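The values are calculated or read from the model by the stated rules, or taken from the named source; none is laboratory data. In this text the structure is predicted, and so the values were computed from the model without any measurement. A quick note on method: Cβ atoms are made from the backbone with ideal geometry, for glycine too, and the neighbour counts reach across all protein chains shown.
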Amino acid sequence: MERKIICFGVRDYEKPTFEALGKQYHYELVLRPEYLNNDNLELAYGYENVMVRGNCNVDYDHMKILAEKGLKVYLTRTAGYNHVDLKACKDFGIKSAFVPGYSPNAISELAVALAMALLRHVVYTTDLTHHGKFEVTNDMFCREIRGCTIGILGCGRIGCTSASLFKGLGAKVIGYDVYQSDKAKEILEFRDVDTFFQEADIIVCHMAYIKGKNDNFISKERIAEMKKDSILINVARGQVLDTQAAVDAVKNGHLYGLGLDVLADEAKLFNHDFDPAHMDTPLHQEIVDLYPKVLITPHVASATDLALKDMVEISLQNMDEYIETGACHNSIVK
């Protein structure tokens, strides 16, 4: 295998990290800002090795074309890999590996930031002062985090990190996960799913998405079980949340606030510019119009210096394994 990789979805601020690690690991990295998809597939023609990120989506038929054009290894520098067509990789002999873990603090810190911004009305208040309005309004009165119960949905490495951060702020922390690790038990108290949704004042979703298994896990019915005036944060995958139901719950006053870093259809929205008065879909229009009760960031939880280094470095280490042994312990193709 050649030591050349074309990397898609590389932002300007990421280039120095790619260049430094490429030099360290002796790879020629071709950096492209575009997200690889069915419409720009020709950009990857002739490359044996491709590295993508979460919003790169290539379907089965187009993966076949890439294989015919020489593709051998399809790396994703992400922990989630629902954007990788595993059947296509298996059928066409394409090796594929992921990054099982990178800086958990990156995701957790954004979760805490969104939760605290909503709880303390930070965006609402600074928006007023930005427009010259410095009076104290009734809507600035708020709860303290130490008086809240935080619910962590998905208690793996990232979930445990969030639990520790919230616990450090003095909050009570509970969790729900089908797998209850000993590490998580040291930090939080597990609840059954119904009790979890009923007890939490703030729910932070770190649940991994398994297509066809937990779509819309946070459903309209489960949102209805949540406390009135609770806060919901999703920094996991958009597919695990019925976003329309969550938005409706903010509109009718059941949810106090909603923080989103992900959406099920985010490729249509993120990395595009819109007139905020004329969004592309009714749901996206509602999300924008509900500001600052609804805060949305364009999938930037992992956009930190340490997380980026982990993602790129582990991807290159995955490539090293394929070159040296023909296999990789982070392979996602069984």
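Would region 107-125 turn up any residue that is more than 24 Å from I296 (Cα to Cα) and of a type outside the set (A, V, I, L, M, F, W, C)? No, region 107-125 contains no residue that is more than 24 Å from I296 (Cα to Cα) and of a type outside the set (A, V, I, L, M, F, W, C).
Among residues of region 144-165 that are on the phi > 0 side of the Ramachandran plot, those with a Cβ under 8 angstrom from a residue that is among the hydrophobic types (A, V, I, L, M, F, W, C), sequence gap 6+ or separate chain, pair up as G154/C205; G154/M207; G154/A208; G154/A236.
Only residues that are small (G, A, S) and assigned to a helix (DSSP H, G or I) were counted across region 119-149, and they come to 1. Only residues that are surrounded by fewer than 17 Cβ atoms within 10 Å (Cβ to Cβ) and out of contact with any Leu (no Cβ under 9 Å at 6 or more places or on another chain) were counted in region 27-45, giving 6. Flag: I187 matches the condition of being touching a helix residue (DSSP H, G or I) at 6+ places or on another chain (Cβ under 6 Å), surrounded by fewer than 21 Cβ atoms within 10 Å (Cβ to Cβ) and at pLDDT 95 or above.
Residue pairs whose Cβ atoms lie under 6 Å apart, sitting 6 or more positions apart in sequence or on different chains, and linking a residue in region 84-98 that is outside the structural domain of G54 (by TED's automatic domain parsing) to a partner that is modelled with pLDDT of 95 or more, do not occur here. Counting the residues of region 134-181 that are in contact with a helix residue (DSSP H, G or I) (Cβ under 7 Å, 6 or more places away or on another chain) and within 16 Å of D229 (Cα to Cα) gives 8.
Yes/no per residue for (1) outside the structural domain of L110 (by TED's automatic domain parsing); (2) part of a helix (DSSP H, G or I); (3) in contact with a Lys or Arg (Cβ under 7 Å, 6 or more places away or on another chain):
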| residue | (1), (2), (3) |
| --- | --- |
| S162 | no, yes, no |
| Q180 | no, no, no |
| K183 | no, yes, no |
| F197 | no, yes, yes |
| K211 | no, no, no |
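Would you check if there is a residue in region 263-282 being β-branched (V, I, T), in the same structural domain as I203 (by TED's automatic domain parsing) and surrounded by fewer than 17 Cβ atoms within 10 Å (Cβ to Cβ)? Yes, some residue in region 263-282 is β-branched (V, I, T), in the same structural domain as I203 (by TED's automatic domain parsing) and surrounded by fewer than 17 Cβ atoms within 10 Å (Cβ to Cβ).
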